[in-house]
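Chemist: Here's a structure for you.
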Amino acid sequence: MMNSQALSRWLLPVLLTVQFLVSLDISVVNVALPDIDSGLHFDPGSLAWVVNAYALTFGGLLLLGGRLADVAGRRRLLVAGFVVFGVASLFGGLAQTPGQLIAARAAQGVGAAALAPVALALITVNYAEGTARSRALGLWGAAGAAGAAVGVLAGGLLTDWAGWRSVMLVNVPVVAAALAVVRPAVPADDRPGDGPRPRLDLVGALLATAGTALLVLGLVRTESYGWTSWPTAAALGAAAVLLAAFTVTETRVRQPLLRLGLLRSGPVLAANVFALLMSAGQFAAFYFTSLYTQQVLGYGPTAAGSAFLPFCVGVVAGSVIATRAVGRVGPGALLVAGGLLGAAGFAWFAAAVAVDGGFLLTVLGPSVVASVGTGLCFVPLGTAATTGVPAAETGMAAGLLNSSRQVGGAVGLAVLVTVAAQAGGPGVRGLVDGFSAAYWVSAGLLAVAAGAAGLLYGKRALPAETPAGEKTSKKSGARVESGVSRSTQG
């Protein structure tokens, strides 16, 4: 493990940049879509693929990206992810046709799927358990939430001031700066030859990638096709078959893409269930708040984006509180508290949203409550998701957590858009009724997440079996890792 001062100075800024970028690019293009459409002349119905192409590859490849970090090396994958993300951003900013831009967005998702899991894995293996890791996880979570919120503001500002191409090109200098410091910042990949080299489960990778991608595809298109249409049914049905086959495959291979035994750990299971439910509510709430401020309150793109800044501040405040409290109350208690506070914030949104609403009571107040609750969750989520996980499988665990968040967000948005449409009606009054119903469901999802964390955390023992490449001493029962250097990986 590197000196903690050196880690704080060099490693953490790189990892926070990763988390900020991948979250930013989920939302930054949304406000720019009308200008993109007028600039490249998309066919009717195809503009949504500027958003969907990123979501599809990002969500579909997260498990693979997490395992590649363990197999190929974390620094190698970090560099490769930055290169792919940066080149894709450059080509997207220079795109001359709709197809070129959609392809660039898909490539951005590929880069993001490599970057997101490796950032969490590097925090886990390089920061000692306790205050140092809690602080790093708190900043990691805050960077992700800030990226999603700032993306809305940045999209409006950049589009207004420099045109839609700047939304893509702004990533290039950030990636270049990050690449310049990766070598001195990130510990070198060290894999001694005293044990079997980790291998990539190619069959599992194919099944997981195709299954998750089809699941995300089916969900993101429900707004256009509806839940009962044949395209939706075909995509979701095929996803279910492929993911079931993936589950069976992972129980039969020696070095799986996802060792299912990880989920026998109460903290790991609690973290992933919580992340799935929290993201389902939170992503949808971002979406409806953006619509409410623009379609009901009459805000322009920049003003609507600025309305999300209090959310960023609240997330940082919650993360600071969690960093200081996690050692005293434990991750499980923080997940419950954060989930309940987030639920209260979304319930406030649901009760306060109105045709003649004002910023203070209908946006600022509930944003602060919900964001502090969300911020309380990031430190315990990162801690719980990797509790008891061997260093050789931290990428696997990080990929699983990120997949839970991404799939949860896609499921939640698809379901809540349907809820809002069915609960709403004509005119502005109908919009508000639909938004209120969606917020109530978001609050319910956060409350259920808090309850699930309380029930699951610490209720089960860590997995009894050891992952491939490890040996258990008969005398002491101690676990000894093959192919992983403890001195380097922490």
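Chemist: Looking at residue 259 and the list (1) more than 17 Å from the chain's Cα centre (by Cα); (2) farther than 27 Å from residue 204 by Cβ, which single condition is not satisfied?
Modeler: It is condition (2) that residue 259 fails.
Chemist: Take the residues in segment 192-209 that are crowded, with 19+ Cβ neighbours inside 10 Å and not in a helix (DSSP H, G or I); name whichever of them is modelled with the highest pLDDT.
Modeler: Selected residue: 201.
Chemist: Additional query: Quickly run through segment 264-273 and pick out the residues that are modelled with pLDDT of 90 or more and open to solvent by 20 Å² or more (accessible area, probe 1.4 Å).
Modeler: Matches in segment 264-273: 269, 273.
Chemist: Here's another thing I want to ask about it. Quick check on this structure: which one of 303, 325, 397 is crowded, with 24+ Cβ neighbours inside 10 Å, part of a helix (DSSP H, G or I) and not polar (S, T, N, Q)? Break it down stepwise before answering.
Modeler: Working: 303 fails: crowded, with 24+ Cβ neighbours inside 10 Å; 325 fails: crowded, with 24+ Cβ neighbours inside 10 Å.
On inspection, the qualifying residue turns out to be 397.
Chemist: Further, regarding this structure: Which of (1) farther than 25 Å from residue 412 by Cα; (2) assigned to a helix (DSSP H, G or I) is the odd one out, the single condition residue 212 does not satisfy?
Modeler: That leaves (1) as the condition not met.
Chemist: Tally the residues that are open to solvent by 10 Å² or more (accessible area, probe 1.4 Å) and either under 23 Å from the mean Cα position of the chain (by Cα) or among the polar types (S, T, N, Q) (or both), restricting the search to segment 363-385. Spell out how you get there, then give the answer.
Modeler: Taking segment 363-385 and keeping what is open to solvent by 10 Å² or more (accessible area, probe 1.4 Å), we get 364-365, 368-369, 372, 376, 383.
Right, trim to either under 23 Å from the mean Cα position of the chain (by Cα) or among the polar types (S, T, N, Q) (or both) and you get 368-369, 372, 376, 383.
Going through segment 363-385 one residue at a time, the tally reaches 5.
Chemist: Only one of these conditions is not met by residue 291: (1) open to solvent by 20 Å² or more (accessible area, probe 1.4 Å); (2) more than 22 Å from residue 139 (Cα to Cα); (3) within 17 Å of the chain's Cα centre (by Cα). Which number is it?
Modeler: Answer for residue 291: the failing condition is (3).
Chemist: So, one more: Pick out the one residue from 234, 238 that is over 29 Å from residue 453 (Cα atoms), of a type in the set (Gly, Ala, Ser) and in contact (Cβ under 8 Å) with a residue 24 or more places away in the chain.
Modeler: Step by step, each of 234, 238 is checked, and only 238 is over 29 Å from residue 453 (Cα atoms), of a type in the set (Gly, Ala, Ser) and in contact (Cβ under 8 Å) with a residue 24 or more places away in the chain.
Chemist: Against the condition out of contact with any Asp or Glu (no Cβ under 7 Å at 6 or more places or on another chain), of a type in the set (A, V, I, L, M, F, W, C) and open to solvent by less than 60 Å² (accessible area, probe 1.4 Å), how does residue 276 come out, does it pass?
Modeler: On the way: out of contact with any Asp or Glu (no Cβ under 7 Å at 6 or more places or on another chain): yes; of a type in the set (A, V, I, L, M, F, W, C): yes; open to solvent by less than 60 Å² (accessible area, probe 1.4 Å): no.
Spelling it out, it is not the case that residue 276 is out of contact with any Asp or Glu (no Cβ under 7 Å at 6 or more places or on another chain), of a type in the set (A, V, I, L, M, F, W, C) and open to solvent by less than 60 Å² (accessible area, probe 1.4 Å).
Chemist: Only one of 128, 185 is of a type in the set (Gly, Ala, Ser), exposed (fewer than 15 other Cβ atoms within 10 Å of the Cβ) and over 20 Å from the mean Cα position of the chain (by Cα); which?
Modeler: On the way: 185 fails: exposed (fewer than 15 other Cβ atoms within 10 Å of the Cβ).
Result: 128 is the single residue among 128, 185 that is of a type in the set (Gly, Ala, Ser), exposed (fewer than 15 other Cβ atoms within 10 Å of the Cβ) and over 20 Å from the mean Cα position of the chain (by Cα).
Chemist: Here are 213, 245: which of them is surrounded by fewer than 18 Cβ atoms within 10 Å (Cβ to Cβ) and farther than 30 Å from residue 333 by Cβ? Lay out the reasoning, then the answer.
Modeler: Working: 213 fails: surrounded by fewer than 18 Cβ atoms within 10 Å (Cβ to Cβ).
After ruling out the rest, the residue left standing is 245.
Chemist: For residue 175, which of the numbered conditions (1) modelled with pLDDT of 90 or more; (2) loosely packed, with under 15 Cβ neighbours inside 10 Å fails to hold?
Modeler: (2)
Chemist: Just to be sure, is residue 336 open to solvent by 10 Å² or more (accessible area, probe 1.4 Å), of a type in the set (Val, Ile, Thr), touching a residue at least 24 places away in the same chain (Cβ under 8 Å) and farther than 14 Å from residue 449 by Cα? Break it down into steps so the answer makes sense when it comes.
Modeler: Numbers: open to solvent by 10 Å² or more (accessible area, probe 1.4 Å): yes; of a type in the set (Val, Ile, Thr): yes; touching a residue at least 24 places away in the same chain (Cβ under 8 Å): yes; farther than 14 Å from residue 449 by Cα: no.
Answer is no for this residue.
Chemist: Evaluate segment 330-343: report whether one residue or more is under 22 Å from residue 431 (Cα atoms), part of a helix (DSSP H, G or I) and at pLDDT 95 or above. Spell out how you get there, then give the answer.
Modeler: Step one: of segment 330-343, the residues under 22 Å from residue 431 (Cα atoms) are 343.
Then keep just the ones that are part of a helix (DSSP H, G or I); that gives 343.
Next, only the ones that are at pLDDT 95 or above stay: 343.
Yes.
Chemist: Being modelled with pLDDT under 90, more than 18 Å from residue 67 (Cβ to Cβ) and part of a helix (DSSP H, G or I) is the requirement here; does residue 217 meet it? Reasoning before the result, please.
Modeler: Values: modelled with pLDDT under 90: yes; more than 18 Å from residue 67 (Cβ to Cβ): yes; part of a helix (DSSP H, G or I): yes.
So residue 217 passes the test.
The values are calculated or read from the model by the stated rules, or taken from the named source; none is laboratory data. The shown structure was predicted, so the numbers you read here are calculated from the model rather than taken from an experiment. Heads up, the Cβs are rebuilt from the backbone with ideal geometry, glycines too, and the neighbour counts pull from every protein chain shown. Just the protein is used for accessible areas: all its heavy atoms, side chains included, with ligands, DNA and RNA removed. Shrake-Rupley method; radii C 1.70, N 1.55, O 1.52, S 1.80 Å.
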